[in-house]
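What follows is a set of notes on a single structure, which appears directly below.
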Amino acid sequence: LHQEGLDNVFLRHDRAAEATRRCVEHWGFEIQCSNPDEYSSSLTAVRLPERHSADRLRAEILARCNMSLGSGLGPLADKVFRIGHLGDFHDLMVTGTLSGVEIGLKATGIPYRPGGVEAALSYLAGNAAPLAQAAE
């Protein structure tokens, strides 16, 4: 954290969040937060279409990809899944996570528009961040 600098960490989280949102929107899903001015750089909650289970999707992704996503809480239980983008979350982790979700969407038969990961990649490539130096 000291080496990367707090401002750079925040910028990295912002980039990961924006790439995630662009992917989700490309898939044709709703972001739970309806006001873009209030989007979070900590996580993105993704609302699935009616009659589709977010918990079933999360279970499929866990089984196929060994990747755990957050669940919807309270009234959002089984309606949304959450993608976190904090900590040492970097471009490769963003695209790997989104790829795992796309694998799960296809496997569970949830209708989506393919190519969301590519939308995220395009954003990340056009908004490159400086490489973090490896710890010595």
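Are any residues in the stretch 17-35 polar (S, T, N, Q) and assigned to a helix (DSSP H, G or I), and if so, which ones?
Scanning the stretch 17-35 gives a single hit, Thr20.
Residues are listed down the side, and each one gets a yes or a no for (1) assigned to a loop (DSSP other than H, G, I, E, B); (2) aliphatic (A, V, I, L, M):
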| position | (1), (2) |
| --- | --- |
| Arg15 | no, no |
| Asp37 | no, no |
| Ser41 | yes, no |
| Val46 | no, yes |
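Condition first: open to solvent by less than 50 Å² (accessible area, probe 1.4 Å) and closer than 16 Å to Ile31 by Cβ. Now tell me which residues in the stretch 73-97 satisfy that.
Across the stretch 73-97, the qualifying residues are Leu76, Val80, Phe81, Ile83, Gly84, His85, Val94, Thr97.
To keep it simple, each residue is scored yes or no on (1) modelled with pLDDT under 95; (2) charged (D, E, K, R).
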{"site": "Leu1", "(1), (2)": "yes, no"}
{"site": "Asp7", "(1), (2)": "yes, yes"}
{"site": "Phe10", "(1), (2)": "yes, no"}
{"site": "Ala16", "(1), (2)": "no, no"}
{"site": "Ala19", "(1), (2)": "no, no"}
{"site": "Glu25", "(1), (2)": "no, yes"}
{"site": "Glu30", "(1), (2)": "no, yes"}
{"site": "Pro36", "(1), (2)": "yes, no"}
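Consider Arg22 carefully, then state whether it is touching a helix residue (DSSP H, G or I) at 6+ places or on another chain (Cβ under 6 Å) and not hydrophobic (A, V, I, L, M, F, W, C).
Working: touching a helix residue (DSSP H, G or I) at 6+ places or on another chain (Cβ under 6 Å): yes; not hydrophobic (A, V, I, L, M, F, W, C): yes.
Considered against the rule, which asks whether it is touching a helix residue (DSSP H, G or I) at 6+ places or on another chain (Cβ under 6 Å) and not hydrophobic (A, V, I, L, M, F, W, C), Arg22 comes out as yes.
Could you say which residue among Gly5, Gly70 is open to solvent by less than 50 Å² (accessible area, probe 1.4 Å) and at positive phi?
Of the residues listed, the single one that is open to solvent by less than 50 Å² (accessible area, probe 1.4 Å) and at positive phi is Gly5.
Output the residue which, of all residues in the stretch 48-65 that are in a loop (DSSP other than H, G, I, E, B) and on the phi < 0 side of the Ramachandran plot, is nearest to the chain's Cα centre (by Cα).
Within the stretch 48-65, the first condition is being in a loop (DSSP other than H, G, I, E, B), and the residues that meet it are 48-53.
In the following step, the residues that additionally are on the phi < 0 side of the Ramachandran plot were identified as 48-50, 52-53.
Numbers: Leu48: 14, Pro49: 17, Glu50: 20, His52: 18, Ser53: 18 Å.
Once the filter is applied, the top-ranked residue is Leu48.
Is it the case, given these coordinates, that Pro49 is farther than 27 Å from Leu6 by Cβ, open to solvent by less than 70 Å² (accessible area, probe 1.4 Å) and not small (Gly, Ala, Ser)?
Details: farther than 27 Å from Leu6 by Cβ: yes; open to solvent by less than 70 Å² (accessible area, probe 1.4 Å): yes; not small (Gly, Ala, Ser): yes.
Yes, satisfied.
Please go through the stretch 16-42 and pick out each residue that is among the hydrophobic types (A, V, I, L, M, F, W, C) and buried (at least 17 other Cβ atoms within 10 Å of the Cβ).
Restricting attention to the stretch 16-42, the residues satisfying the condition of being among the hydrophobic types (A, V, I, L, M, F, W, C) are 16-17, 19, 23-24, 27, 29, 31, 33.
Answer for the stretch 16-42, where residues must be among the hydrophobic types (A, V, I, L, M, F, W, C) and buried (at least 17 other Cβ atoms within 10 Å of the Cβ): Ala16, Ala17, Ala19, Cys23, Val24, Trp27, Phe29, Ile31.
Does Glu118 satisfy being acidic (Asp, Glu), open to solvent by 90 Å² or more (accessible area, probe 1.4 Å) and at pLDDT 95 or above?
Criteria met by Glu118.
Sort out which residues of the stretch 66-102 are part of a loop (DSSP other than H, G, I, E, B) and within 10 Å of Ala45 (Cβ to Cβ), and write them in order of number.
Step one: list which residues in the stretch 66-102 are part of a loop (DSSP other than H, G, I, E, B), which gives 66-69, 72-73, 77-79, 85-90.
Once the filter is applied, which keeps residues that are part of a loop (DSSP other than H, G, I, E, B) and within 10 Å of Ala45 (Cβ to Cβ), the stretch 66-102 yields Gly72, Leu73, Lys79.
The values are calculated or read from the model by the stated rules, or taken from the named source; none is laboratory data. Quantities reported herein were computed from a predicted structural model and do not represent experimental measurements. Cβ: placed from backbone, ideal geometry, glycine included. Neighbour counts: every protein chain shown. Quick note on the areas: whole protein, heavy atoms, side chains included, nothing else; ligands and nucleic acids left out. Shrake-Rupley method; radii C 1.70, N 1.55, O 1.52, S 1.80 Å.
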